[in-house]
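Structure, as structure tokens:
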Amino acid sequence: MSGQMVLFAALSIAAIGLAVVLAMLLLRIRKTIDLMERRVDDAIRQLELTAEDLRKTNGVVREILIHAEKSAANVAHVTEGVRGFRKALDAATAVVEHAVVPVLGTVASGLAGVKAAVSHVVNRFARKESDHV
């Protein structure tokens, strides 16, 4: 065999070896791409599920906030009612303080005076009768 034939045979074997190595490399790259495709697909599905859960949670939180706002409005309404009642109670207290208490004081003073007078009269009559006996 000539040197040229040996060179062509070596080059042919090298080309076939290179083709086999490239074919194996491309097969591994394809498997890696398929695996990455499955993982990305799983990640996207998981992201969709997470987004759906977040949407549901957002709806629940929105309902809770609506109820909290209604409760705050009810508390404000009750507070206004209590303030109105407080004004009426303050007015009633002022009437009692400025009208009823002075009258009661006058009546109590009068009763105390009447009691003292009756006691004095009873004591005098009791002394007079005891002096006569």
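The values are calculated or read from the model by the stated rules, or taken from the named source; none is laboratory data. The model shown is predicted, which means the values in this text are computed figures rather than measured ones. Quick reminder, even Gly has a Cβ in these numbers, built from the backbone with ideal geometry, and neighbours come from all protein chains shown. Ligands, DNA and RNA are excluded from the accessible area calculation, which covers all protein heavy atoms including side chains. Shrake-Rupley method; radii C 1.70, N 1.55, O 1.52, S 1.80 Å.
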Response to the item:
Nearest 10, in degrees from 0 to 90: the angle of helix 101-132 to the longest Cα principal axis of the chain is 30
Item to complete: Any chance you could run the full-extension gain for residue 55 through residue 80? It's 0.36 nm times the residue separation minus the Cα-Cα distance, nm to one decimal.
Response: 5.3 nm
Worksheet item: Just one of (i) 9.6; (ii) 23.0; (iii) 7.7 is mean projected area of the Cα convex hull in nm² as worked out from the coordinates here. Which one is it?
Response: (ii)
Worksheet item: So, counting K/R as plus one and D/E as minus one, what does the shell of residues with Cβ under 14 Å around residue 55 add up to?
Response: -2
Discussion item. Over the range 14-133, with the other protein chains present, what is the accessible area per residue in square angstrom, probe 1.4 angstrom?
Written reply: 90
Practice prompt. Subtract the Cα-Cα distance of residue 39 and residue 116 from 0.36 nm times their separation in residues, and report this length gain in nm to one decimal.
Written response: 17.1 nm
Worksheet item: Considering only the other residues whose Cβ falls under 14 Å of the Cβ of residue 24, what net charge follows from Lys and Arg at +1 and Asp and Glu at -1?
Response: +3
Worksheet, complete the sentence: Once both label points are put 7 Å beyond Cα along the C-beta direction, the residue 10-residue 104 separation in nm becomes 12.8
